[in-house]
Amino acid sequence: MLKRTFLGFASAALASAALAFAVLPLAAQAQSVVVGGKNFTEQQLMAEMTTQLLKAKGFTVDKRAGLGTAPLRQAQEAGQIDVYWEYTGTSLITFNKVADKMDATATYAKVKELDAAKGLVWLNPSKANNTYALAMRKKDAEAKGIKSLSDLAGKVKGGQALKFGCNAEFYARPDGLTPLQTTYAFEFGRENVVRMDTGLVYQALRDSQVDVGLVFATDGRVPAFDFVILTDDKGYFPTYAMTPVIRKETLDKNPKLAEILNGLSAKLDDATMARLNASVDVDKKSIEEVAAGFLKAQSLV
């Protein structure tokens, strides 16, 4: 009887151990997160900050940065990317094809609603509004009397052949160059549009290879290179509030992710992002160093 009891106990113990080993990989898998990012400095910073933050909180992270906007979104919808930082205006116009003009609050509410149907959850938006903008060298803009996009349109229509530098994505996207020119009723002319990588636009504008450049409002090189952003006086560009977007399936498995990512989002605004971006693009610090320094300074890790 004792032997049978012992064997029964041993069998139960082995079964419990086997169950524990079977459950362990599932638990580990639930703590694994794939973080995505686009192919410019701010996005690389956000992907790295998110990666370092989640690792510090005990998650296993696979970072996949350097992707284009469309491929990154497609990868997230396909379940290959769990979380990345997207901009409200991009989702509204590019992903959801909404052309209506909306303020920041309405834009966020709309993309949150529309993307929920696709299994994506928009967490709390940051105060960083990385909208597209057109910039000129400050001295050049002052000399030409250009302060707004309407001023720019007037000069081009008046016969000034101003060269415009932008990335290939803006040249083709539905909230890009063509509708911008339609809104302001002017056209640079194909021969005066120079397409190049995003980062090279700033260098080309600084070095007078182009007269007008496409920039991001939170880019630290704008003040560092003494550029001036032209006022969007017709309100063409929508709000681009930078926000963590996560797959619902991933969030359901790891509900603590919302609190962690919202905590980071609350620390970000235009001035902060411009400073962080400048640390990389102007001061030539590494993405990893800047990300780690910010997380530590904000007591997030």
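Structure data summary
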read-out: Cβ-defined net charge surrounding Asp281, 9 Å radius [Lys, Arg +1; Asp, Glu -1]; value: 0
read-out: Within straight-line cross-link reach of Lys118, aspartates and glutamates at Cα separation under 16 Å, skipping those fewer than 8 residues along the same chain; value: Glu77, Asp82, Glu86, Glu249, Asp252
read-out: Selected from Ala266, Leu54, Thr94, residue furthest toward positive end of dipole (the chain; charges at beta carbon); value: Leu54
read-out: Share of alpha-carbon pairs per 20 Å distance bin for the chain, given as whole %; value: 31, 49, 14, 5, 2, 0
read-out: HN-Hα J in Hz across segment 67-82 - Karplus 6.51, -1.76, 1.60, θ = phi - 60°, x for Gly and Pro; value: 9, x, 4, 5, x, 5, 5, 4, 5, 5, 5, 7, x, 8, 10, 8
read-out: Semi-axis lengths, Å, segment 66-224, gyration tensor of Cα atoms, sqrt of 5 times eigenvalues; value: 31, 17, 15
read-out: Nonlocal amide H pairs with Val193, under 5 Å, H built at 1.01 Å; value: Phe164
read-out: Cα-based convex hull volume of segment 220-301 per residue, rounded to whole Å³; value: 123 Å³
read-out: Note, ³J(HN,Hα) from phi for segment 170-181, Karplus 6.51, -1.76, 1.60, rounded to Hz, x at Gly and Pro; value: 5, 4, 10, 6, x, 10, x, 5, 4, x, 4, 5
read-out: Potential lengthening between Ala143 and Gln31 on full extension [0.36 nm per residue; Cα-Cα distance subtracted]; value: 34.6 nm
read-out: Taking the convex hull of Cα positions in segment 132-229, its mean projected area over all directions (nm²); value: 5.5 nm²
read-out: ³J(HN,Hα) computed for each position of segment 194-208 - Karplus, 6.51 cos²θ - 1.76 cosθ + 1.60, integer Hz, glycine/proline x; value: 10, 8, 7, 4, 3, x, 6, 4, 5, 5, 5, 5, 4, 8, 6
read-out: Distant-in-sequence amide H partners of Lys63 (H built 1.01 Å from N, under 5 Å); value: Val35
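Read-outs: derived from the displayed coordinates by stated rules, not from any lab. Bear in mind that the values here come from a model prediction, so they are computed numbers and not experimental data. Backbone-built Cβ (ideal geometry, glycine too); neighbour counts: all protein chains shown.
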